[in-house]
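Student: Here it is, the structure in full.
The values are calculated or read from the model by the stated rules, or taken from the named source; none is laboratory data. Because the structure is predicted, anything quoted here is derived from the model rather than measured. Glycine also receives a Cβ, built like all others from the backbone with ideal geometry; neighbour counts cover every protein chain displayed. Surface accessibility is based on the protein's heavy atoms, side chains included, excluding ligands, DNA and RNA. Shrake-Rupley method; radii C 1.70, N 1.55, O 1.52, S 1.80 Å.
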Amino acid sequence: LHRARAFLRRELNEAFSKGIESGETFLVECRFLQQKNEYLWVLVRGRVIESDSDGAPIRISGNLSDISIRKEIEITLDENRRTLQTLINNLNGMVYRCENDPDWTMEVVSEGVISLTGYSPEDLIGNLNISYGNIIHPEDRKTVEEFVENKISQNEPFKLSYRVVTKDGQIKWVWEQGRGIFKEDKLLFIE
């Protein structure tokens with residue numbers, strides 16, 4: 001309990017050092033060790049009631065809320081995201097999510113894009129430096145677009161091979177499989 005108080009005091013002092021004035025609220029998340037030697041995540045929510053002449057809080061009012069379940073969910077989600085990211089980045093090839101437009105505007109691109117095209121994920125996301133549509137070989141673009149559009153319109157997965165032009169100008173053949181992702185018959189994106 002002593003360590004929890006010291007931690008909470010440190011966290012509160014840090015929050016107060018940012019210039020919280022009378023009437024302002026603050027939030028701090030921390031863990032408390034319970035009598036059963038189990039930790040409980042809490043959200044400390046408070047308000048500065050009174051400050052001294054220098055603006056430092058001298059009286060606060062607040063409450064503690066048990067957020068253990070929420071924190072367990074957050075920790076599990078973070079671990080799942082990390083695991084999924086590791087799996088995706090270890091695949092030979094590129095995993096993506098893009099809009100259904102002529103540029104294939106990327107929302108998500110795995111690290112595999114580097115070995116495939118020479119471009120980084122950041123180059124392609126939101127068409128920052130180049131669009132994936134511009135990487136597709138000019139002679140293949142229309143065929144790829146029509147084939148994918150036909151399969152998506154039938155809500156079917158697609159598989160095809162075509163050429164891409166890498167960052168250093170090489171031409172590579174790629175094999176792609178994907179599908180449109182729909183919600184209530186509305187196409188959200190392609191994966």
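Student: Calculate the spin-label point distance for residue 73 paired with residue 24, positioning each point 7 Å from the Cα along the beta-carbon direction, and give it in nanometres.
Tutor: 3.0
Student: Please compute the length gained on full extension between residue 82 and residue 101, using 0.36 nm multiplied by the number of residues separating them and subtracting their Cα-Cα distance.
Tutor: Stretched fully, the residue 82-residue 101 segment lengthens by 3.9 nm.
Student: For the stretch 61-146, run through the GluC sites (Glu not before Pro) and keep only the ones in DSSP coil with at most 16 other Cβ atoms within 10 Å of their Cβ.
Tutor: 99, 111, 139
Student: While we're looking at this one, here's another question. On C-alpha positions alone, give me the angle between the axis of helix 2-17 and the longest principal axis of the chain, in degrees, nearest 10.
Tutor: Between the helix axis and the principal axis of the chain, the angle is about 70 degrees.
Student: Okay, next question. What's the long-distance tail for the stretch 96-149, i.e. % of Cα pairs beyond 13 Å?
Tutor: 56
Student: What's the carbon and sulfur percent of the chain's accessible surface, probe 1.4 angstrom, rounded to a whole number?
Tutor: Roughly 50 percent of what the probe reaches on the chain is carbon or sulfur.
Student: Give me the dipole magnitude in Debye, nearest 20, for the chain about the Cα centre, with unit charges on the beta carbon: positive for Lys and Arg, negative for Asp and Glu.
Tutor: 760
Student: Defining a contact as two alpha carbons under 8 Å apart and six or more residues distant in sequence, what relative contact order in percent does the chain show?
Tutor: 11
Student: Test of understanding: what is the full-extension gain from residue 59 to residue 154, defined as 0.36 nm times their sequence separation minus their Cα-Cα distance?
Tutor: Computed gain between residue 59 and residue 154 is 27.7 nm.
Student: Still on this structure, I have one more. Given 10 °C and 1.306 mPa s, how large is the Stokes-Einstein diffusion coefficient of the chain in µm²/s, with Rh as the Kirkwood radius over Cα pairs?
Tutor: 75
Student: Return an integer: the convex hull volume of the alpha-carbon atoms of the stretch 117-191, in Å³ per residue.
Tutor: Spelled out: Cα convex hull of the stretch 117-191, divided by residues, is 89 Å³.
Student: If you average the C-alpha positions of the stretch 70-94 and of the stretch 164-191 separately, how far apart do those two centres end up, in angstrom?
Tutor: The two parts, judged by their Cα centres, are 22 Å apart.
Student: While we're on this one: Can you run phi through the Karplus equation (6.51, -1.76, 1.60; θ = phi - 60°) for the stretch 118-129 and list ³J(HN,Hα) in whole Hz, with x for Gly and Pro?
Tutor: Whole-Hz 3J(HN,Hα) from phi for the stretch 118-129: x, 8, 7, x, 5, 4, 8, 4, x, 6, 4, 10.
Student: Just to be sure I follow the rule: in the chain, considering lysines 8 or more places apart or on different chains, how many pairs have Cα atoms under 30 Å apart?
Tutor: 18
Student: For residue 119, what residues show an amide H to amide H distance below 5 Å, using hydrogens built from the backbone and excluding near sequence neighbours?
Tutor: Hits under the 5 Å cutoff: 167.
Student: Now, a different point. Can you tell me the length gained on complete extension of the stretch residue 175 to residue 163, counting 0.36 nm per residue apart and subtracting the Cα distance?
Tutor: Additional length available on full extension: 3.4 nm.
Student: With axes computed from alpha carbons, what is the tilt in degrees of helix 141-153 against the longest principal axis of the chain, rounded to the nearest 10 within 0 to 90?
Tutor: 60
Student: Something else: Translational diffusion coefficient of the stretch 21-99 at 37 °C, 0.692 mPa s, Stokes-Einstein with Kirkwood Rh over Cα pairs, in µm²/s as a whole number.
Tutor: Here the translational diffusion coefficient equals 201 µm²/s.
Student: Expressed as an acute angle from 0 to 90° and rounded to the nearest 10, what is the orientation of the C-alpha long axis of helix 68-89 relative to the principal long axis of the chain?
Tutor: Long axis of 68-89 versus the principal axis of the chain: about 30 degrees.
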